[in-house]
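Below: one structure, written as structure tokens.
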Amino acid sequence: MDNTKTIFSIVAILLTFIGYIPYIRDTLQRKTTPHIYTWFIWGLVTAIAYGLQVGAGAGVGSWVTLAVVIVCFFIFFLGLRNGKKDITKSDTIFFLLSLVALFLWLVAKQPVWSVILVSSIDMLGFIPTIRKSWNKPYSETLFSYELNSFRHGLSILALQQYSIITWLYPATWVIANGLFSIMLIIRRKQIGKN
């Protein structure tokens, strides 16, 4: 069974990097405009989630989370260089709420609450991108989010131990990426070809 989990993990890691190639290409071509608040929060919080997963015995299933940490910070730096600084007051409020929740996580020191807070922080960090994409649905690379939903599903299959601490974070992302993809598809149909 461990070989199967390692294979799931390796495939999910490959899909992580393959899935972000179009996103990075589109960012460099200024078709995709990553929201820097979102990508900073995602990188920071995913690093924490990785630590929680390792501490809870996720094993090879946590490797995918580490790959996402690397990608998030890379896209954050690309966003600083190439992204539009389309930052609203509400974006800043959600960014600050994410940081407050991060502080609560540091105080909580309880693994189950920690993973719930980490997942919640990531969702708060997603809100600026959702807001931006509602108005400009072509400002994100749809394929990356569709593939992310699938790859997070694979990372759940790769977990070596199942507990709320190990599966909640990737399960949250299966749902969030799936819903975001659906939103992009619907908004693109409503707005028409960009």
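Among the residues of the range 120-141 satisfying the criterion of being of a type in the set (Gly, Ala, Ser) and either touching a Pro at 6+ places or on another chain (Cβ under 9 Å) or touching a residue at least 60 places away in the same chain (Cβ under 8 Å) (or both), which is surrounded by the most Cβ atoms within 10 Å (Cβ to Cβ)?
This residue is GLY125.
So, of the residues in the range 150-163 that are part of a helix (DSSP H, G or I) and hydrophobic (A, V, I, L, M, F, W, C), which turns out to be nearest to the chain's Cα centre (by Cα)?
Of all residues in the range 150-163, those part of a helix (DSSP H, G or I) come to 150-158.
Now restrict to residues that are hydrophobic (A, V, I, L, M, F, W, C): 150, 154, 156-158.
Working: PHE150: 13, LEU154: 15, ILE156: 15, LEU157: 18, ALA158: 18 Å.
Ranking the candidates gives PHE150 first.
One residue is enough: does the range 130-149 have a residue meeting the conditions of a type in the set (Val, Ile, Thr), modelled with pLDDT of 85 or more and assigned to a helix (DSSP H, G or I)?
Within the range 130-149, the subset of a type in the set (Val, Ile, Thr) is 130, 141.
Keeping just the survivors that are modelled with pLDDT of 85 or more gives 130, 141.
So of that shortlist, the ones also assigned to a helix (DSSP H, G or I) come out as 130.
The answer is yes, given that some residue of the range 130-149 is of a type in the set (Val, Ile, Thr), modelled with pLDDT of 85 or more and assigned to a helix (DSSP H, G or I).
In the range 43-95, which residue that is under 11 Å from the mean Cα position of the chain (by Cα) and among the polar types (S, T, N, Q) is modelled with the highest pLDDT?
Of everything passing the filter in the range 43-95, THR65 is modelled with the highest pLDDT.
Would you pick out the residues in the range 142-167 that are within 27 Å of LEU97 (Cα to Cα), buried (at least 17 other Cβ atoms within 10 Å of the Cβ) and among the hydrophobic types (A, V, I, L, M, F, W, C)?
LEU142, ILE165, TRP167, listed by residue number.
How many residues are among the hydroxyl-bearing types (Ser, Thr, Tyr) and either more than 13 Å from the chain's Cα centre (by Cα) or not in a helix (DSSP H, G or I) (or both) when one looks only at the range 164-180? Walk me through how you get there before you give the answer.
Applying the first criterion (among the hydroxyl-bearing types (Ser, Thr, Tyr)) to the range 164-180 yields 166, 169, 172.
Narrowing further to those that are either more than 13 Å from the chain's Cα centre (by Cα) or not in a helix (DSSP H, G or I) (or both): 166.
Selection size over the range 164-180: 1.
Quick check on this structure: which one of THR65, THR38, THR6 is buried (at least 21 other Cβ atoms within 10 Å of the Cβ), farther than 15 Å from TYR169 by Cα and either of a type in the set (S, T, N, Q) or out of contact with any Leu (no Cβ under 8 Å at 6 or more places or on another chain) (or both)? Break it down stepwise before answering.
Numbers: THR65 fails: farther than 15 Å from TYR169 by Cα; THR6 fails: buried (at least 21 other Cβ atoms within 10 Å of the Cβ).
None of the other options fit; the residue is THR38.
The values are calculated or read from the model by the stated rules, or taken from the named source; none is laboratory data. A quick note: this is a predicted structure, and the numbers were derived from the prediction, not measured. A quick note on method: Cβ atoms are made from the backbone with ideal geometry, for glycine too, and the neighbour counts reach across all protein chains shown.
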